[in-house]
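J.: One structure follows; several queries about it will come next.
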Amino acid sequence: MQGLIANRLCPELTPIPTIHVSQSDLDAGIAEALRHLTGPCVLKPNTLGGSFLTECVDNLSEEGLRSYSERIAAYDASFLVQQRIVGTEYTSGVLINRHEVTVLPVARINNPSGFLGYDQKTQKGSYTVEFHKIENSLQTRIFSMSTKIAREFRLHTFGRLDFIVDDQQRVYFFEVNAVPGLTAGSIFPKMLAKAGFDLCHVIGLAASNEIDQRRREEVRKIETSRIRYGPR
């Protein structure tokens, strides 16, 4: 769903062929996936995030999809089957101050395995993050798309957006991570540091946004009361 919305917002994005499979209509979803997609593919829970239980398979089969459905059934009511895109992964962090979006330096993920799942993200040394040697034109494109997507998804205070770029410079959008990792080894704090910020800045921004939101809610309640009951 995120990808569909993002592609409508940013025509310059290339859509990733994706089939949504619901546990409540498993037969139909599996049949559609087998009809429209071939391996290699990525299987991922629809709402978990963090690459939890995300897998890469070389070939699709009914047996394999049913087995995957059983493994994630306790955690998610549906999953996505996506054509695997071969390319270089980029990730973009954003900070939101009320309605103003600040895009942090874009990072390139150097991952020898070519697939960045949960195991790869949590295994020390399995990938590296690089901020240099990113073409200005590509960085500008990702900046623009990140701003549009962050506004449309109404991210609160901060978030991270993942993209992949193939050898023809086509940009694909993977997902929005509304709660990116904030530990010392995570990517988002590295982006903050590169931009001259730290986690204290994010905490202060979150508090400011929360105060502003509560103030606007109070104003809305007062205005609604005046409309309903008239001036006193």
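The values are calculated or read from the model by the stated rules, or taken from the named source; none is laboratory data. Bear in mind the structure is a predicted one, so any value in this text is a computation, not a measurement. Cβ placement follows ideal geometry from the backbone for every residue including glycine, while neighbour counts extend to all protein chains displayed.
J.: On the basis of being within 20 Å of P17 (Cα to Cα) and of a type in the set (A, V, I, L, M, F, W, C), does I164 make the cut?
T.: yes
J.: Those residues that are of a type in the set (S, T, N, Q) and surrounded by fewer than 14 Cβ atoms within 10 Å (Cβ to Cβ), I need them from region 23-57; list them, please. Step through it out loud before you land on a result.
T.: We begin by selecting, within region 23-57, every residue of a type in the set (S, T, N, Q); these are 23-24, 38, 46-47, 51, 54.
The answer is S24, T38, T47.
J.: In region 152-173, is there at least one residue being outside any strand (DSSP E or B), aliphatic (A, V, I, L, M), surrounded by 19 or more Cβ atoms within 10 Å (Cβ to Cβ) and under 15 Å from the mean Cα position of the chain (by Cα)?
T.: For region 152-173, residues outside any strand (DSSP E or B), aliphatic (A, V, I, L, M), surrounded by 19 or more Cβ atoms within 10 Å (Cβ to Cβ) and under 15 Å from the mean Cα position of the chain (by Cα): present.
J.: Determine, yes or no, whether L95 is surrounded by 15 or more Cβ atoms within 10 Å (Cβ to Cβ), modelled with pLDDT of 95 or more, in contact with a strand residue (DSSP E or B) (Cβ under 9 Å, 6 or more places away or on another chain) and over 19 Å from V176 (Cβ atoms).
T.: No.
J.: Please verify whether region 44-55 includes one or more residues that are of a type outside the set (S, T, N, Q), touching a residue at least 60 places away in the same chain (Cβ under 8 Å) and part of a strand (DSSP E or B).
T.: Within region 44-55, the subset of a type outside the set (S, T, N, Q) is 44-45, 48-50, 52-53, 55.
Those left that are additionally touching a residue at least 60 places away in the same chain (Cβ under 8 Å): 49-50, 52-53, 55.
Within this subset, residues satisfying the condition of being part of a strand (DSSP E or B) are 55.
Looking for residues that are of a type outside the set (S, T, N, Q), touching a residue at least 60 places away in the same chain (Cβ under 8 Å) and part of a strand (DSSP E or B), one finds at least one in region 44-55, hence yes.
J.: Okay, moving on. Mind checking whether some residue in region 214-232 is at pLDDT below 90, closer than 27 Å to Q82 by Cα and in a loop (DSSP other than H, G, I, E, B)?
T.: no
J.: Pull up region 58-74, narrow it to residues that are part of a helix (DSSP H, G or I) and touching a residue at least 24 places away in the same chain (Cβ under 8 Å), then point me to the one that is surrounded by the most Cβ atoms within 10 Å (Cβ to Cβ).
T.: The qualifying residue surrounded by the most Cβ atoms within 10 Å (Cβ to Cβ) is L65.
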